[in-house]
Amino acid sequence: MADNERLTQLASDAAASILQPLGFTFTLKSEAYEDGILLMISSPDARFLIGEDGDRLDDLQYLINRLVQANWESAPRVRVDCDRYRERAEAKLLRRARSRAERVLKTGKPLMMERLNAYQRRLVHNAMAEIPGIVTRSEESESRFKRITISRAE
């Protein structure tokens, strides 16, 4: 069995073992994603699976990855999305970051993003690296959520 097929099977089994006992109606699809898979959940109860600002979706992703890793220690990462919530949220985040970068270029004054998790910060840093004249810096902190400062390149 190929790695993506194995990963898809383990992730689907993990998701079903969590969602079925809770009474959720859902369908699962997987797509290749960077160095793992994206497990897409579709459900009429999506709002309960997503939670406030995707917090339950993050928890579900964490649990699915833990269950997968219990069966395959070096398993690639499984990203979990529900009704394309993450896709829309990431696009919105990058629009906000680009808008702030445009203001920084016009005014010269640095601007800060809201507190972001590591994955979100990576998305913003990578997107801003493509804009000439813009640099980004994450705040020094032990917190899981940190702010990024967007400023003009010196």
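Between the residues Ser99, Phe145, Leu67, the greatest Cα displacement towards the positive end of the dipole of segment 64-154, with unit charges on the Cβ of Lys, Arg, Asp and Glu, is found for Ser99.
Work out the count of Lys pairs in the chain where the Cα-Cα distance is under 24 Å, with the pair 8 or more places apart or on different chains. Show your work: numbers first, answer last.
Working: Lys29/Lys92; Lys92/Lys106; Lys92/Lys109; Lys92/Lys146; Lys109/Lys146.
Eligible lysine pairs with Cα atoms under 24 Å apart amount to 5.
Look at the alpha carbon pairs under 8 Å that are at least 6 residues apart: their mean separation over the length of the chain gives a relative contact order of 18 percent.
For the chain, what ratio Rg/Rh do Cα atoms give with a Kirkwood hydrodynamic radius?
Values: Rg = 18.1 Å, Rh = 17.2 Å.
Result: Rg/Rh = 1.05.
Footprinting exposure proxy ranking of Met112, Met128, Met40, fewest other C-beta atoms within 10 angstrom first, gives Met112, Met40, Met128.
In segment 3-83, how does Rg compare with the Kirkwood Rh, expressed as the Rg/Rh ratio over alpha carbon atoms? Display every interim value, and only then the final one.
On the way: Rg = 11.7 Å, Rh = 12.5 Å.
Radius of gyration relative to Kirkwood radius: 0.94.
Please report the base-10 log of the normalised intensity I(q)/I(0) for segment 64-154, using a Debye sum with one equal scatterer per alpha carbon and no solvent, at each q in 0.23, 0.25 (1/Å). The Debye formula, applied to the Cα set alone, gives -1.11, -1.21.
P(r) tail for segment 37-116, what percent of Cα pairs lie past 20 Å? Kindly include the intermediate steps, with their values, before the conclusion.
On the way: 1526 of 3160 pairs.
That fraction is 48 percent.
Loop-resident GluC sites (Glu not before Pro) (DSSP state other than H, G, I, E or B) in segment 50-115 with no more than 10 further Cβ atoms inside 10 Å of their Cβ: Glu73, Glu114. Where only DSSP H runs of four or more residues are counted, the chain gives -15500 deg cm²/dmol as its mean residue ellipticity at 222 nm, each run worth -39500 (n - 2.57). Hey, got a sec? Which trypsin sites (Lys or Arg not before Pro) in segment 55-151 land in a DSSP loop and have at most 10 other Cβ atoms within 10 Å? When the trypsin sites (Lys or Arg not before Pro) of segment 55-151 are filtered for loop state and at most 10 Cβ neighbours within 10 Å, Arg144 remain.
Taken together, the values in this text are just the output of simple stated rules run on the coordinates, not laboratory data. These numbers were taken from a predicted model, which means no experiment stands behind them. We place every Cβ from the backbone using ideal geometry, glycine too, and count neighbours over all the protein chains shown.
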